[in-house]
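The values are calculated or read from the model by the stated rules, or taken from the named source; none is laboratory data. Remember, it's a predicted structure, so these values are computed and weren't measured experimentally. Cβ placement follows ideal geometry from the backbone for every residue including glycine, while neighbour counts extend to all protein chains displayed.
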Amino acid sequence: MFMSLVETCRANGVNPFDYMMAVVRNAPAAEANPSAWMPWNFPLALAKVTTRAP
């Protein structure tokens, strides 16, 4: 399972470690909208989470 995830990240030009850490750190957002956190979409989802005001 993890190798599939790693290879999907690589195929989409995403660092697998950075991707997995971002998903873990933003678990509530990833659980609320899983499709936004797929490797090919996650940079946009991460930008939305990190640009929100506290």
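Give me a count of the residues in segment 24-37 that are of a type in the set (A, V, I, L, M, F, W, C) and in contact with a helix residue (DSSP H, G or I) (Cβ under 8 Å, 6 or more places away or on another chain). Don't jump to the end; show me each part of the working.
Narrowing segment 24-37 to residues of a type in the set (A, V, I, L, M, F, W, C): 24, 27, 29-30, 32, 36-37.
Okay, now just the ones that are also in contact with a helix residue (DSSP H, G or I) (Cβ under 8 Å, 6 or more places away or on another chain), so 29-30, 36-37.
Going through segment 24-37 one residue at a time, the tally reaches 4.
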Check: Checking A53 against (1) modelled with pLDDT of 90 or more; (2) not in a helix (DSSP H, G or I), which test does it fail?
Finding: (1)
Notebook entry, point to check: Condition test on A36, is it crowded, with 16+ Cβ neighbours inside 10 Å, at negative phi and not in a loop (DSSP other than H, G, I, E, B)?
Noted result: no
Item checked: Members of segment 39-53 that are surrounded by fewer than 18 Cβ atoms within 10 Å (Cβ to Cβ) and more than 16 Å from V6 (Cβ to Cβ) -> N41, P43, L44, A47, K48, V49, T50, T51, R52, A53
Notebook entry, point to check: surrounded by 10 or more Cβ atoms within 10 Å (Cβ to Cβ), without any contact (Cβ under 8 Å) to a residue 60 or more places away in the chain and assigned to a helix (DSSP H, G or I), is that true of V24?
Noted result: no
Check: Can you find even one residue in segment 4-18 that is more than 11 Å from the chain's Cα centre (by Cα), part of a loop (DSSP other than H, G, I, E, B) and polar (S, T, N, Q)?
Finding: yes
